[in-house]
Amino acid sequence: MLYKQYCPSMMVLCKSYTKNEEDAVEVLQDGFLKVFQQIESYDANKSSLYTWMRTITIRTAIDFLRKQNKKNIAIEWKDEYEPAIEAEALQRMSAQQIQCMLQHLSETTRAVFNLYVTEGYNHKEIGELLKISEGTSRWHLSEARKYLIHLLKAKERA
């Protein structure tokens, strides 16, 4: 019952961190395995079951990305113009369209974008999770924004 109820939402989450459907399924299965193995440690007083499972799934996705990216490229952020994405442009798009755009980013860049924009982590926390520097996290976020701006402008011209 637990799997049936939460599988669709956790699959969407897994897809947002992985490059393809097969990797998303692998992360999903690993995440549910961890959930079932740790179910005794769940404390309803600390968080909802969904939040607890979501946290496990995100950390499973990050572990998966670490295994895929054994070579972390250290690129440091330099203070320069921070690309901004107009909120209106994103509001006109469905979550599925945005997710499709993000699939073209590198795994680390996509993970940084998801952790920062969707999950609300700061660059220090992202750096600790992904084992990269804060500057590298900022660089990946900037690259994701530049890419999305490029795609949005191309879409408007079309």
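Data overview
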{"item": "Stretchable slack from Phe36 to Ala154, in nm (0.36 nm times residue separation minus alpha-carbon distance)", "result": "38.0 nm"}
{"item": "Spin-label model distance (nm) - Leu49 vs Gln99, 7 Å beyond Cα toward Cβ", "result": "2.2 nm"}
{"item": "Added length on full extension, which subtracts the Cα-Cα distance from 0.36 nm per residue, Ser9 to Arg66", "result": "18.2 nm"}
{"item": "Unit charges on C-beta of K, R, D, E only; dipole of segment 110-158, Debye", "result": "320 debye"}
{"item": "Cα gyration tensor category, rounded, prolate or oblate, for segment 114-158 with a/c compared to 1.5", "result": "prolate"}
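Only the coordinates and a few stated rules stand behind these numbers; no lab work does. The shown structure was predicted, so the numbers you read here are calculated from the model rather than taken from an experiment. Neighbour counts are summed over all protein chains in view; Cβ atoms, including those assigned to glycine, are modelled from backbone coordinates with ideal geometry.
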